[in-house]
Each structure stands twice: as C-alpha cells, then as structure tokens.
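Taking it in order: structure first as structure tokens, then the write-up.
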Amino acid sequence: MIPAPRHLAATVVLATLFAASCARQSTAIKVGEIASLTGKEAAFGQSSHKGTVLAIEELNRAGGILGQQLELVSEDNQTKAGESATIARKLISRDKVVALLGEVASSRSLEMAPIAQSSHIPMISPSSTNPAVTETGDYIFRVCFIDPFQGVVMAKFARDTLKVRKVALLTSVSSAYSVGLAKYFKERFVADGGELVMEQKFSEGDKDFKAQLTAIKAAGVDGIFVPGYYTEAALICKQARDLGLALPIFGGDGWEAPQLTEIGGRAVEGTYYSTHYSPENKTPAVQEFVKKFQQRWNGETPDAMAALGYDSAMVLADAIKRAGSTDGAKLRDAIAATKDYPGVTGATTIDAERNATKSAVVITVKDGQFKFVETVAP
Ligand code: PHE
C-alpha cells in the first residue's frame, strides 16, 4: 500500500529523528559504573547509582558535554568478591568507556583499580575510604575523605563526647575498609591516652557475634567501636543488647543504610556513626539536591552514598569539559587538577594523593531516624 502523503511526511520525520538519535548515540560519551546493585550491600550500590543517574540525566538535559550526550553503562557486581575486575575489563575493552565510576566499598574498588590503572582509564570512587584505593596508581581518584581522617573523627568523638576510656573493637577481617578504619581509630584513641582493651574479629556475612560479644562483656569496657557495614553492625547491636551490654556502640560510614534501623530496631537507638553528609544540612546546595533527588526517585531522601555518587559523576563531567577531550591521559590530568568543585558533599579539591579533603558528619539514631549531631572539619 502506498502511504498517503501526510503519512509519508510523518515517516520521513520519524526516520530523520531515528537517524539523528542513532548518530547521537554512536557519538555519546560512555561512562562505566560498577556498583553492588544487588546482594548483601545492595543498599550502597542502589543509593550511589541513583545519585549518579540523577547527575547524568541533568547533564544530558543541559546539552551534554563537549556537544555530546553522556551514556552511563552500569554493571552490577552483585556484592560478590572477584566480579569487579572482570566487569572493569569488559567495560573498558568492549564498551570503550572513557572513565569508571565506582565502587562504594573499598575491597571492590581495590579489585577494579589495577585494571583501570593498567588501561590508563581514569577511575573515580565516590565513597571508598581506604587509603590503598588511590595508592594503586595515578589514574585512581576519589571524591571523599579517607579513613585516617574518619578514624580520628570517631576516636575523638568517643573520647570527648561519649567519654569512653576503655574500648573494644569488633573488626571485619574480610573487609579492607574495616581493617583500615580499625587501625586508624586505634592509633588515635591510644595516642590520646585511651585504652584498647580487646579486639575481636568477624567476617563479612557472619550472623552470630555472641562469642565475641561475650568476651567483650567479660573484659569490662565502656564502649565498642564497630568499623563494619550495616547488616553486621545492626546484628551486633541487637546481640549486644540481648547480652545486656548497655554501653555506647559506634561505627563509621559503612553503617549508613535504611537496613541499619530495619534490622537493628530498638537496639540501634542511641548509636553513632560518622559519614560524609547529612540531608538535614540547610545549605542551598544540599537542599536543592535533596529536592531533585526526591522528585526523581519517588520521594526517597538521599543518603551519603547518593550524594557522593552524584558528586563523582559531576566531578568527572567537569573534568571532561576542562580537558576538552575524553583521551585517558588528558582526562586524568584534568581530574587531578580539580579545585574547589562545588559538590553536594562540599568543595572538592583533588590533592596530590588523588583524594579529597572534606568534613565528616556524625549521625545518631533517634526514634528510628538518622539525626545530625555535628560536623567535624578536617
Ligand atoms: N567507606 C566505605 C568503604 O570504603 C563505603 C561507604 C561509603 C559506605 C559511604 C557507606 C557510605 O568501604
């Protein structure tokens, strides 16, 4: 059947639009993202991913970068050890991404970093805080503070605010983040005259902490530092309270997820953790971000990982713009030169070690909600 002229015109318009969108797609700048979208730490990956998507969509609506749209190629490592390196290889060689965003967790960032480094493809971790991540090489960056700072923040908070003098540590030996944060906390707490009475260990995925907590109870401490992730932290608080341990329990950014209170319930009331940002912060940058995020994601309030995921994509886009190119070496230099980029989590300056120096925030759990306590400047 021969289409009527009107239809013919419509067909031509559609074909033109289709061709234009293909052309745009074939020249899109591809950015790889590796995140734990499912599995044990899905809360981290999901949050970070939502922040990153929000940034990419915003950039594209504003016309993209260097006259091109950005295409986010997201891959899920299912929180499984060993996946992130394989995915990084695939994103670089098959998808030809110009940079990698990820991972949240330090152990998984440490898996993907050597691949990015040897391929000369810049990687920006939104939120991995273990120093070794960026020590991998000069193509590896992060937009957050590192654990030597976070450990000091919580050592001082334990001493000055919680008045803890004798502390027990409960460290996850299978997590680079946990081992590092425990070490930095311990160094400062002891240097300030505190006593580390006992260090107990566990592994990611453990569910029963009764033996460690019973030993801690017998040791007679007045606080427990748990540098771990939210699932284990919540279970540890529950089992500690069940054993009658009524002392302060506190941790670091790995505690931050809705599951902390969902799993922990009343047992996490009055606990404390340090993190990167609070949605309660009244600065216009934070409030505007919270509003945009809620509009995009069904009313959900963005947490620290969402804010850092957003900032990581924005810092990358800013660097591509300044580099005027997506060439790996030029892009690397531009990211390294990032100075005072106005991020949601604060002004971002990449230092000589490719880390960012930012304030930390202490949060407490009150009536099942995360409440801002204080900001600690570097
Ligand atoms: N800092 C943690 C790590 O390095 C990850 C994390 C960041 C978790 C921010 C929660 C919030 O593994």
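The values are calculated or read from the model by the stated rules, or taken from the named source; none is laboratory data. The shown structure was predicted, so the numbers you read here are calculated from the model rather than taken from an experiment. Because the Cβ atoms are built from the backbone with ideal geometry, glycine has one as well, and the counts that use them run over all protein chains shown.
Among the residues of this structure, residue 211 counts as one that is more than 20 Å from residue 361 (Cβ to Cβ), of a type in the set (Gly, Ala, Ser) and at pLDDT 95 or above. Applying the selection to the range 214-242, what residues are of a type in the set (Ser, Thr, Tyr) and either at pLDDT below 95 or not in a helix (DSSP H, G or I) (or both)? Matches in the range 214-242: 229 only.
If you check 71, 111, 75, 103 for being touching a Lys or Arg at 6+ places or on another chain (Cβ under 6 Å) and over 23 Å from residue 378 (Cβ atoms), only one passes: 71. Listed conditions (1) outside the structural domain of residue 103 (by TED's automatic domain parsing); (2) among the aromatic types (Phe, Trp, Tyr); (3) surrounded by 23 or more Cβ atoms within 10 Å (Cβ to Cβ) are all met by residue 372, apart from (3).
Taken together, 278, 274 contain a single residue that is among the polar types (S, T, N, Q) and part of a loop (DSSP other than H, G, I, E, B), which is 278.
Taking the range 204-226 as the range and being farther than 16 Å from residue 267 by Cα, within 16 Å of the ligand (Cβ to nearest atom) and in contact with a strand residue (DSSP E or B) (Cβ under 6 Å, 6 or more places away or on another chain) as the test, only 204 passes. Exactly one residue out of 300, 262 is among the acidic types (Asp, Glu), under 24 Å from residue 365 (Cβ atoms), modelled with pLDDT of 95 or more and not in a loop (DSSP other than H, G, I, E, B), and it is 262.
Kindly indicate which of 194, 137 is outside the structural domain of residue 225 (by TED's automatic domain parsing) and either touching a Leu at 6+ places or on another chain (Cβ under 6 Å) or not hydroxyl-bearing (Ser, Thr, Tyr) (or both).
Numbers: 194 fails: outside the structural domain of residue 225 (by TED's automatic domain parsing).
On inspection, the qualifying residue turns out to be 137.
Checking the structure you have, find out if any residue of the range 304-323 is in the same structural domain as residue 30 (by TED's automatic domain parsing), within 16 Å of the ligand (Cβ to nearest atom) and within 30 Å of residue 167 (Cα to Cα). Yes, the conditions are met somewhere in the range 304-323.
Take the conditions (1) without any contact (Cβ under 8 Å) to a residue 24 or more places away in the chain; (2) under 30 Å from residue 341 (Cα atoms); (3) not β-branched (Val, Ile, Thr); residue 215 misses just one of them, which is (2). Scanning the range 242-271 for residues that are surrounded by 20 or more Cβ atoms within 10 Å (Cβ to Cβ), over 21 Å from residue 126 (Cβ atoms) and within 16 Å of the ligand (Cβ to nearest atom) returns 250, 261, 264, 268, 271. Residue pairs whose Cβ atoms lie under 7 Å apart, sitting 6 or more positions apart in sequence or on different chains, and linking a residue in the range 96-111 that is near the ligand (Cβ under 8 Å from one of its atoms) to a partner that is of a type in the set (Asp, Glu) and at pLDDT 95 or above, are 105/41; 109/103. Of everything in the range 347-358 that is surrounded by fewer than 17 Cβ atoms within 10 Å (Cβ to Cβ) and small (Gly, Ala, Ser), the residue that is nearest to the chain's Cα centre (by Cα) is 347.
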